[in-house]
Amino acid sequence: MEAFVYFSNQTQGRERLFRATQYTCMLLSYVLENKSGREEVVMKLKHLESSMSSGRKLFRLGNMVHAIVVARQSNQLPELVPRFCLTVSNLNKALYFVCDMLLWVRSVGLFPNIDKKKWRKRANKCYYYSLVMNLAENLYELCCCMEQTAQTEKAQKDLPPCGQRVRSFVSHLTGGLQPFLLLLCLTLRRHPPLLLDTLKNLCDLSSPLDRLGIYKTNPGVIGLCGIISSLVGILTVASPSLRLKH
């Protein structure tokens, strides 16, 4: 198991470097696209983006195996909500990698009869459902952490002004939006892994929302969100203490 974890971390680290490069090229090509005299640079950026996207396919099999293993581990969690959300999320992620591999097989000409449009839509749906489940689990974790933060602040005797406002919010539940936001900020500051994981999932959501037509945006926004998500992913691989644990 330790060998698998080490191999998985190495694979994810390389894949996220490829991903960060791909989305950087997407963002830069979008910014430079309408500028005169930049046609050759834009063409090179789009070619590099395509190469990085193709290079990421090499890691799909390892990622699919990792998703299946994590889904099996998630199914052993004691709490119902994290167990359900993470198991469904990772199963959908594994299906996404299966769909993506079929699209790659078609692109290299092995099975040209595969319906590209249909399987791409299936892949985007699986990715979307996986992210929705991840965000649902993030929300559950956030609610639990906010409750713990509120109880901690309430138990302190010598509270600073901000702590008094949190106590007022907990005691009366009538303090309005400002105490709630204060409690939210305190909670996220005390739980960096939860903040990073939620940020990553929110950024990842921009791509399937656009491709499924749920919320249309542009390559610049998708590229920027992809860069942020990739950098967060690289950070959590480099520093495991920042990875959300269940």
Once the in-chain neighbours fewer than 8 apart are removed, the lysines whose Cα is under 16 Å from residue 216 read 121, 125
Run the reach check for residue 93 against aspartates and glutamates, Cα to Cα strictly under 20 Å, same-chain hits fewer than 8 apart removed. What comes back? 15, 137, 197, 204, 210
Residues with amide H under 5 Å from that of residue 33, placed H, sequence gap 5 or more: none
Could you give me the radius of gyration and the Dmax of segment 23-84, taking only the C-alpha atoms into account and expressing both in angstrom? 19.6, 59
Residue-wise HN-Hα coupling along segment 65-78, computed from phi with Karplus coefficients 6.51, -1.76, 1.60 (Hz; x: Gly, Pro): 4, 4, 5, 5, 5, 5, 4, 5, 5, 4, 5, 9, 5, x
Near the amide H of residue 75, under 5 Å away, which other amide H atoms are found, from residues 5 or more places off or on another chain, if H is placed in the peptide plane? none
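Laboratory data are not the source of any read-out in this text; all were calculated from the coordinates shown. Since this is a predicted model, take the numbers as computed values, not measurements.
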